[in-house]
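Just so it is clear, none of the values below were taken in a lab; they were calculated from the coordinates. As the structure is a prediction and not an experimental result, all values here were calculated from the model. Every residue, glycine as well, gets a Cβ built from its backbone with ideal geometry; the counts of neighbours run over all protein chains shown.
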Amino acid sequence: MKLFFLRKSPYVLPSAHYGGGRKRIFLGLLSGACLLLGCALALFLVLPWTVSGEHLRWLGLISLVLGCALITALFWLCLTLIFHIYTARLFPGVEAVRHVTIRLLFPLMELLAKAVHVERARVRRSFIKVNNEFVLARGIKTSPERLLLLLPHCIQRSACPHRLTHTLELCRRCGACPVGPLLDMRDKYGFSMAIATGGTIARRIVIERRPKLIIAVACERDLTSGIQDSYPLPVFGILNERPCGPCLDTLVPLRPLEAAVRHFLGLPAEEGTSGPFTARDEGAA
Ligand code: SF4
């Protein structure tokens with residue numbers, strides 16, 4: 001019989017929406033990064049007691065107490081996060097753990113991935129999936145006015161003669177790119193929508209509109225940095241599609257996007273779908 005507190009997270013997202021990104025990559029790198037940091041701290045712990053560290057003996061007690069406390073905190077952090085990712089259960093301290101992971105540990109995990117030749121994009125896709133499940137686990141619901149859909153400029157068709165930098169209303173909804181259908185979706189649900197031409201503009205839009213939650217569409221690199229920069233503001237990331245290569249005439253997966261919008265607005269999933277989540281038989285780890 002499965003223990004109640006070990007029940008699997010109900011917020012599992014389909015890996016197919018994340019370019020095959022799986023949580024196990026994130027979890028493996030997280031465990032590896034914690035182990036590496038733990039070893040480095042253990043070295044700091046024993047250094048004053050080695051022959052070469054004789055002149056550091058005065059550091060002994062301090063390093064013993066500090067080192068043990070940091071190693072314990074590190075392994076507590078790692079286990080807490082793995083438990084949270086697996087079960088999506090919220091408990092005291094989990095926000096701080098997420099914060100440390102997103103801001104401090106993830107850059108170290110990327111370095112570790114590089115050292116063991118794991119493709120960077122795979123690590124980022126895994127991170128985006130884990131982040132999205134974090135956001136879902138927080139149970140956030142918002143009004144349409146405080147939901148911001150942030151899009152990259154490359155979703156506009158490169159041959160389009162209309163400049164949408166200042167207002168999206170100049171779009172003629174001709175159907176040649178996803179901007180038209182997205183404007184239709186915006187009108188249907190009433191959320192806020194903007195196209196950002198870079199990180200600085202994106203930050204300015206967020207400051208001006210003060211959303212409670214952002215749904216951001218972008219590539220792995222921009223989503224990862226956007227999620228890190230915006231923390232603790234929740235960002236639900238949706239990977240764009242790039243049939244013409246990066247940064248040119250990109251596409252948006254409209255069905256997963258609409259499912260996420262409906263979820264955060266507290267609307268029921270469309271008939272015959274499981275909303276943004278994975279049907280149990282799809283497998284998602
Ligand atoms: S839908 Fe048509 S008019 Fe609107 S941005 Fe795309 S190409 Fe331009």
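Some notes on this structure:
- Lys pairs, the chain - Cα-Cα below 26 angstrom, 8 or more residues apart or on other chains: 15
- Hydrodynamic radius by Kirkwood, which averages 1/r over all alpha carbon pairs of the stretch 141-278, in angstrom: 15.2 Å
- Length released on extending from Leu267 to Phe83, taking residue separation times 0.36 nm less the Cα-Cα span: 63.4 nm
- Segment Asp184-Tyr231, length gained on full extension (0.36 nm per residue, minus Cα span): 14.0 nm
- For a modelled paramagnetic label at Phe44, 7 Å from Cα along Cα-to-Cβ, the residues of the stretch 97-124 in reach, with backbone nitrogen under 20 Å, are 97-112.
- At R0 = 41 Å, FRET efficiency that the Cβ-Cβ distance of Lys141 and Lys114 yields, to 0.05: 0.60
- Of the DSSP H helices in the chain, those that are both long (alpha-carbon extent of 27 Å or more along the helix axis) and hydrophobic (Kyte-Doolittle mean at least -0.5) are 23-46, 60-87.
- CD proxy at 222 nm, helix term only [per DSSP H run n ≥ 4: -39500 (n - 2.57); per residue of the chain; nearest 500]: -15000 deg cm²/dmol
- Estimated D of the chain in µm² per second, where Rh is the Kirkwood radius over Cα pairs and Stokes-Einstein applies at 20 °C, 1.002 mPa s: 103 µm²/s
- Once backbone amide H atoms are built at 1.01 Å from N, Phe236 has Ile214, Ile215, Ala216 as its partners under 5 Å, excluding neighbours fewer than 5 places away on the same chain.
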